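A short worksheet on the structure shown next.
The values are calculated or read from the model by the stated rules, or taken from the named source; none is laboratory data. Worth saying up front: this structure is predicted, and the values here are computed from it rather than measured. Glycine gets a Cβ as well: all are built from the backbone with ideal geometry, and neighbour counts include every protein chain shown. Each accessible area value is taken on the protein alone, full model and side chains, heavy atoms only, with ligands, DNA and RNA left out. Shrake-Rupley method; radii C 1.70, N 1.55, O 1.52, S 1.80 Å.
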Amino acid sequence: TEARSLVDQAEAALAKDPPDRGGARSALQHVVVDAGGEPEVAAEAHFLLGKVDEDDSAFEQALGEYRSSIAAAPNTRWALRASDRIDWLRARSEGNFAPLAALERVRRDPDLAGDAGSVEALAREAESFPPGTVQIEARMLVAEAWLGRLHRPSAALDELRAVASDPKADALTARLAERELVDVLVSDGDIDEAAAEAHAHANRLDPRFVRQVSRLLVRRAVRYGAIAVVGAFLALACIAVARAARRQALGSGTREARRLAPVAALFVAFVAVGGGLLASNYESGNASPFLLLGGAVLPLVLIARVWSAVGSERQGARVARSLLCGATVLAAAFLLLDRIHPEYLAGFGL
């Protein structure tokens with residue numbers, strides 16, 4: 001029929017890049033004036049006109065077209081779809097749709113959504129929006145822009161806090177804002193604040209995520225301890241070497257280190273290469289931690305050997321020195337993983 005043909009023409013016009021909304025509107029208006037006794041075609045035409053009006057930010061006019069679509073053919077899929085659009089628009093009708101028009105102008109245009117000036121302008125506008133869905137969605141759009149395309153996560157904090165604390169925010173949006181807020185605090189290094197935020201709003205977050213944030217506090221404490229262990233090892237070894245040098249007894253230590261160096265290098269290479277090969281056999285494995293650990297352990301072993309040769313021979317001193325050397329290797333391994341592959345530490349409860 002002619003009405004069906006005009007609707008098909010309108011759909012083809014809307015499918016163009018860019019869409020020919022003027023041509024589509026003209027064809028659809030002919031259909032709604034005379035649908036030729038085809039109520040479902042008329043309902044479809046009214047629905048498509050509503051979509052065109054939405055694209056033109058004529059939201060009140062779009063509501064009228066959706067109501068006309070329902071009236072033309074109440075028991076069709078077009079009526080159902082029109083009802084959904086009416087509900088969507090009514091939920092965002094605050095301020096006579098002016099806030100929604102401002103939001104959609106940025107949301108629909110990738111260039112504006114990726115432009116820092118436009119995002120900042122929307123953030124300022126959103127502060128004066130009436131409380132409601134549009135204000136929440138505008139703040140989330142601004143936050144996502146800072147977190148993603150514009151790479152300014154710290155700028156998203158205020159927007160995320162505003163959404164997470166907004167009583168009008170739906171549960172899903174509030175949870176998303178809370179999760180991203182904690183993630184930003186963690187990435188900024190504000191571990192204490194991130195942990196406090198996660199525990200204060202644990203009802204909105206996955207329990208595993210809350211535990212993961214709490215483990216960051218433990219990891220930080222272990223990091224400080226590891227740095228202290230490595231620092232103590234180096235400081236005490238340097239003191240022992242300096243004392244040996246003053247009494248001209250350092251030669252025995254250097255000879256012992258040279259004698260041990262080939263064996264130590266072979267052992268460290270075996271650990272590094274063997275461990276790396278085993279790790280690389282797993283799909284998610286990575287050989288780099290083993291290789292780097294080997295490179296870090298070798299000088300520690302040689303320093304330990306020099307210290308052992310020139311240090312105190314008393315039983316207590318030897319035991320303490322051995323324990324400290326072993327702890328230093330573990331501390332060095334932790335610091336390497338913490339620096340390059342912190343995800344591996346999760347397997348150790350960190």
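Results, tabulated for the structure shown:
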{"quantity": "Accessible solvent surface per residue of the range 67-205, calculated while the other protein chains remain in place, 1.4 angstrom probe, Å²", "calculated": "49"}
{"quantity": "Within the range 1-43: backbone nitrogen closer than 18 Å to the L112 label point (7 Å, Cα to C-beta)", "calculated": "18-19, 21"}
{"quantity": "Accessible surface of the range 90-151 [probe 1.4 Å, protein heavy atoms]: carbon and sulfur percent", "calculated": "51"}
{"quantity": "Residues L217 and A320, FRET efficiency given R0 of 25 Å [Cβ-Cβ distance, rounded to 0.05]", "calculated": "0.25"}
{"quantity": "Karplus (6.51, -1.76, 1.60) ³J(HN,Hα), θ = phi - 60°, over the range 149-155, in Hz, Gly and Pro reported as x", "calculated": "4, 9, 6, 10, x, 5, 5"}
{"quantity": "Stretch gain in nm, segment Q61-A98, where the contour uses 0.36 nm per residue and the Cα spacing is subtracted", "calculated": "12.0 nm"}
{"quantity": "The range 7-105 shape via C-alpha gyration tensor axes, a/c threshold 1.5", "calculated": "oblate"}
{"quantity": "Label-to-label distance, nm, for residues given as L330 and D192 (7 Å Cα→Cβ offset)", "calculated": "2.8"}
{"quantity": "Theoretical FRET efficiency, 1/(1+(r/R0)^6), r = Cβ-Cβ of A346 and D84, R0 35 Å, to 0.05", "calculated": "0.25"}
{"quantity": "Separation in nanometres of the label points that stand 7 Å from Cα toward Cβ, at A171 and A232", "calculated": "5.0"}
